[in-house]
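Accompanying notes for the structure given below.
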Amino acid sequence: MVRDWPVAPGGVLYVLCVTPRQQARQEISAWRPAVPGVVEVFHARFTEHAYPMHVHDAWTLLIVDDGAVRYDLDRHERGTPGGTVSLLPPQVPHNGSPATSDGFRKRVLYLDMTQLDAGYIGPAVDTPDLADPLLRTRVARLHTALADPGGALEAESRLAFVGERLRGHLRPRTAPAGPPGPGVAKDLRDLLDERLGEGLTLAEAARLLHAHPAHLVRAFSAAYAIAPHQYLTSRRIDRARRLLLDGVPPGEAATAVGFHDQSHLTRHFKRIAGTTPGRYARSRKSPVPRSL
């Protein structure tokens, strides 16, 4: 089967030839370690899954062990050449897809703001892919420590060195800067964050922010390169992932984060995370990736 992947303006089109056997080659593993600063560990092997534009509320620290990933960040096409470490900042939309027909195998750490504060967001947007063999080795060893139930202290120590190395690369501005999009766009984002569970209509947002609904959508999309509803959905998926890894059943997680029902959660979860909530939850029983 030949599939044409979406292309950003001015980007490169990759045409992937995927056999039925390759489609079945999908593995995931996800867990929440008892290590402060690490929100989630996620390992995956995908041959054809393409992530749509989405955001996270945490830093995404990514290494690719096999293959390569192409992605768009802040309207620029990026990639993960061999041996690099990619750091995608919170609240900045990005997507992702295999750069070749062989797919990719990746290991991801989601780090909270105690590891890197908002002052590092701008530099990370400018230079998300870091060619640093020592940093890559440290990140890989951190993953190994996090997979050991008794390795919390080692993992905390390794995380400290990883954070130090990242901060050295990014060299933040003197005055910490938040993500782009001041004014009404930021006000709408703050409002969406406050109302993740119960939701928010555009009309209500327009009334609260004293702005025309069309202007709100236009300003938000221009500031963050993602529509307000896409932002809200991806934030809800982020929250659902945490609940699933805490053992909350998918149906309850769906309701808790603001989806209508489990099928509604499943549809969006599979589109963004590349697997179903049930499979994702089952993967938490072991940090060792397993074939699906």
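Taken together, the values in this text are just the output of simple stated rules run on the coordinates, not laboratory data. Note that this is a predicted model, so its numbers are computed, not measured. We place every Cβ from the backbone using ideal geometry, glycine too, and count neighbours over all the protein chains shown.
Some points to look at:
- Gyration tensor (alpha-carbon) shape descriptor, the range 101-259, a/c threshold 1.5: oblate
- 5 angstrom amide H check on ARG70, placed H, neighbours 5+ away: SER97, ALA99
- Gain in span if fully extended, ASP66 to ASP129, counting 0.36 nm per residue against the direct Cα distance: 21.1 nm
- Global geometry of the range 12-162, whether rounded, prolate or oblate, following the gyration tensor of its Cα atoms and the 1.5 cut on a/c: oblate
- Taking 7 Å steps out from each Cα toward its Cβ at ALA140 and GLU198 produces label points 5.0 nm apart.
- Taking a ≥ b ≥ c as the square roots of the eigenvalues of the alpha carbon gyration tensor, the range 91-169 is oblate, as a/c is not under 1.5 and a/b does not beat b/c.
- Karplus-derived 3J(HN,Hα), 6.51/-1.76/1.60, for each residue of the range 250-256, Hz, glycine and proline x: x, x, 5, 4, 4, 5, 5
- Selection from THR201, VAL257, ALA185, by position along the positive dipole direction of the range 182-263 (Cβ): ALA185
- In order along the range 229-244, the phi-based Karplus estimate (6.51 cos²θ - 1.76 cosθ + 1.60, θ = phi - 60°) of 3J(HN,Hα) comes to 5, 5, 4, 4, 4, 5, 5, 5, 5, 4, 5, 4, 4, 5, 5, 4 Hz; Gly and Pro are listed as x.
- In this label model, ARG239 and ARG32 are separated by 1.4 nm, measuring between points 7 Å along each Cα→Cβ vector.
- Our estimate of slack between ARG207 and GLU154, defined as 0.36 nm per intervening residue step minus the Cα-Cα distance, is 14.0 nm.
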